[in-house]
Structure formats: C-alpha cells, structure tokens
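Where a number appears in this text, it was derived from the coordinates with a stated rule and is not lab data. Worth saying up front: this structure is predicted, and the values here are computed from it rather than measured. Here the Cβ positions follow ideal geometry from the backbone for every residue, glycine too, while neighbour counts run over all protein chains shown.
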Amino acid sequence: MSDHPPTDAPLHGLRPRRTRRTPALRAFVRETTLSVTQLIHPLFIVEGRGVRKPIETMPGHAQLSVDQLEAELRELLSLGIRSVLLFGIPARKDATGAGAWDPQGPVPQAIRELKRLAPGLLVIADVCLCEYTAHGHCGIVHDQSGVVDNDATLPILGRTAVAYAAAGADIVAPSAMMDGQVAAIRSALDVAGFLDTPILSYAAKHASAFYGPFRGAAESTPAFGDRRAYQMDPANAREALVEVQLDVDEGADLLMVKPAGSALDIIRQVRDAFPHPLVAYQVSGEYAMLKAAAANGWVDGPKCAMESLLAFKRAGADAILTYFAIDAARWLRDGGA
Ligand code: PBG
C-alpha cells in the first residue's frame with residue numbers, strides 16, 4: 001500500500017515537461033543557439049559625402065555615403081558583429097548597369113574604406129545589376145517586354161565580381177538569378193587571378209513580395225514587368241534543390257536561401273542535402289513587418305525577432321543575413337529577448 005494520496009494523474013511515464021521546469025534545465029536542453037558571429041549586417045552605400053538618409057520602411061537603417069562607414073563600423077565591432085554585406089546605389093543608372101563594375105562606384109569605394117579601417121571585417125559584396133540599370137531589372141533587357149537576356153548578362157556579372165574582388169571583397173554574392181552566373185563569375189575571378197575569392201550564391205531565391213522595402217531602399221523597383229521570369233515561383237521547393245545543385249556544380253562555395261521566413265522548409269532541405277555553409281536571408285519585408293507590429297505595440301518586437309532568427313538556425317542555417325543584426329547583437333549582449 002502506498003502512503004501517497006490517490007491521484008488521477010499518472011505517477012510515471014513520458015513527461016517532457018520535466019526538462020522545462022527551471023531556467024537551468026531549459027538552458028541545459030536547449031538545442032539551438034544564436035551567436036553574434038553568425039549575423040551579417042546589410043549596408044546600403046550611396047555616392048556623395050555626409051549622406052545618412054534614413055530608410056523609412058526599414059527603421060534603424062539608412063543609405064550611407066562612404067565617409068559614414070567609420071561610425072557605423074565602430075558600432076558593429078563594439079557589438080561583436082564581424083560580417084557585412086554591401087549594396088550600392090549609384091548616382092547614375094544606365095541600360096547595361098555599367099555602374100556595377102565601376103572601380104570608383106559606391107561598392108568598391110566602400111570595400112576599400114572598410115578594409116582600410118578594419119582589415120579583419122568580413123566584407124561580402126552583393127553582385128547584381130538591378131540597382132544599376134535604369135529599368136531596374138537584374139540583367140540586360142532589349143525592350144519593354146522585360147525579358148532579361150540571360151547570356152548577355154553573364155559577362156557583366158563576371159566583370160562586377162572582379163571589380164569587387166579587386167577592391168578587396170572577401171566574398172562575392174551573386175543575386176541576379178541568371179542561369180550560369182556562378183560559373184561565369186568563377187571563371188572571371190580565376191582569369192583575373194582571384195582564385196581564392198569565394199562565391200556565396202543566392203542559390204534559391206523566390207520572386208517574393210517581401211522584397212518591397214528593399215527595392216525602395218536600393219531604388220531598384222523594375223520600371224516595367226516583374227522578376228518572375230528569373231526568380232523562382234514561391235510555390236516551389238523541389239526546384240530550389242535543382243537551383244542549388246547547379247550552383248554547387250558551377251563552383252558555389254557557400255549557399256543562400258531567400259527569403260528565409262517563408263522558406264524554412266527549403267533551408268532544411270538544402271541543409272540536409274548539401275554540406276556547404278548555408279546563409280538564411282531574412283529580407284526587408286520580414287523586418288518591416290516585425291518593426292511595424294512592434295511599433296504599434298501589437299507584438300513584443302525583440303522577442304519576435306529573436307524567435308525568428310532562432311528558427312532560421314533551427315531549420316539549418318549557419319549564418320543569417322538580417323536587418324536585425326545590430327538589434328540582435330544588443331539583445332544578445334544584454335541577455336534580453
Ligand atoms: C538584388 C537583391 C534584392 C534583394 C537582395 N538582393 C532585390 C530583388 O531581388 O528584387 C532583396 C533583399 C531584401 O528584400 O532585403 N537582386
């Protein structure tokens with residue numbers, strides 16, 4: 001006979017709650033962690049001096065001229081952020097996006113300045129033409145149909161990657177979604193002597209409405225048509241594996257999935273199928289939604305942001321490109337969120 005009072009609850013059995021009871025137990029069984037060294041901070045570089053133009057739809061972010069980078073860098077380094085990804089907004093745009101490979105363009109200038117100030121910073125340069133073409137498409141178009149000439153675009157992407165490598169970029173990151181772009185960039189880099197510059201391929205990139213705020217920030221909204229003939233249908237996941245396989249075959253060293261929040265399944269599948277380092281890109285719209293909801297007091301902003309970042313890690317990402325990098329670094333440092 002037991003001395004214990006009778007109870008309806010089972011006295012033994014499977015009770016996962018046992019390991020959730022105290023902070024120490026929860027910390028002990030936590031499967032996923034986020035570290036500041038895994039965060040990549042995006043920067044928008046404009047020409048001119050003394051420019052710090054806030055991006056309305058992405059609170060906390062601004063278009064910066066090169067002279068503003070020192071202050072930005074001080075903040076990043078003090079928080080332990082070691083990686084940045086650069087987008088450029090040129091003063092002039094043209095039909096072929098020639099500004100993309102101009103050695104005096106905003107991105108090469110920013111790379112040189114960042115490397116001068118902080119040689120140990122990991123500088124990743126986005127390689128695409130949409131910020132540099134007058135029509136806003138990611139490659140060459142011959143008429144208003146918006147059809148991008150894939151093969152005519154490849155040498156320009158190669159030339160752009162070489163310009164960024166020559167300026168000192170640690171990694172080039174093609175995001176134009178042209179077929180064969182990784183191979184074209186690899187051979188252009190090799191021919192130019194940049195055999196050791198890795199390629200981070202935006203391998204699986206949906207034609208997503210979540211890029212809206214970015215296109216305002218980078219002034220790259222297509223003047224006509226849309227990107228659905230070169231970016232992937234958001235309905236597709238198996239196709240992402242085809243895209244990734246091709247990029248790997250063409251020589252991609254690191255892989256990216258974008259947007260991250262609506263493609264957690266793809267992050268997981270790429271992680272399971274490929275051993276390469278994998279970056280999740282939490283894009284502008286994902287950031288803007290959380291910031292807007294938080295500003296209205298509808299959600300706890302820091303907690304939701306950290307939960308979203310943790311989800312990318314849980315899905316299998318090694319690193320995260322996110323507009324929350326600075327916020328997250330602060331929350332990690334202060335032990336909150
Ligand atoms: C350039 C590029 C885009 C983004 C990153 N690189 C825009 C697009 O494809 O339209 C979007 C990133 C974001 O929304 O934060 N091709």
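Kindly provide the helix-only [θ] at 222 nm of the chain, computed as the sum of -39,500 (n - 2.57) over DSSP H runs of four or more divided by all residues, to the nearest 500 deg cm²/dmol?
-11000 deg cm²/dmol
Counting Lys +1, Arg +1, Asp -1, Glu -1, what net charge surrounds S208 among other residues with beta carbon under 12 Å of its beta carbon?
Net charge around S208: +2.
What lysines does K93 reach when the alpha-carbon gap must be under 27 Å and sequence neighbours fewer than 8 apart in one chain are set aside?
Leaving aside lysines fewer than 8 places away in the same chain, those within reach of K93 are K53, K115, K205, K258.
Enumerate the amide H contacts of I140 below 5 Å, restricted to partners 5 or more residues apart or on another chain; note that Pro and chain-start residues carry no placed amide H.
Here D149, T153 satisfy the definition.
For the chain, what value does the Rg/Rh ratio take when both radii are computed over Cα atoms and Rh is the Kirkwood radius, given to two decimals?
On the Cα set of the chain, Rg over Rh gives 1.05.
Can you tell me which of 203-212, 71-80, 276-285 comes out highest on packing, and rank the rest after it, using the mean Cβ neighbours within 10 Å?
Top of the packing list down: 276-285, 203-212, 71-80.
Just flag the trypsin sites (Lys or Arg not before Pro) in the range 83-144 sitting in loop per DSSP whose Cβ has no more than 14 other Cβ atoms within 10 Å.
Listed in order of number, the matching sites are R92.
Measuring from label point to label point, each 7 Å out along Cα→Cβ, what is the R238 to A192 span in nm?
3.9
What is the helix-to-structure angle for 181-191, meaning the angle in degrees between its Cα long axis and the longest Cα principal axis of the chain, kept from 0 to 90 and rounded to the nearest 10?
Between the helix axis and the principal axis of the chain, the angle is about 60 degrees.
Ranking F324, F224 by Cβ neighbours within 10 Å, fewest first, what do you get?
Neighbour counts put them in this order, fewest first: F224, F324.
From Cα pairs below 8 angstrom and at least 6 apart in sequence, can you work out the relative contact order of the chain, rounded to a whole percent?
In percent, rounded to a whole number, it is 17.
Using a 10 Å cut-off around each Cβ, can you sort W101, W298, W331 from fewest to most neighbouring Cβ atoms?
Ranked by crowding around the Cβ, least crowded first: W298, W331, W101.
Under 12 Å from the Cβ of P59, count the other residues' Cβ atoms, weight Lys and Arg +1, Asp and Glu -1, and hand me the total.
-1
Give me the one-decimal nm value for the distance between modelled label points at H12 and D151, 7 Å along each residue's Cα-to-Cβ direction.
The two pseudo-label positions are separated by 7.3 nm.
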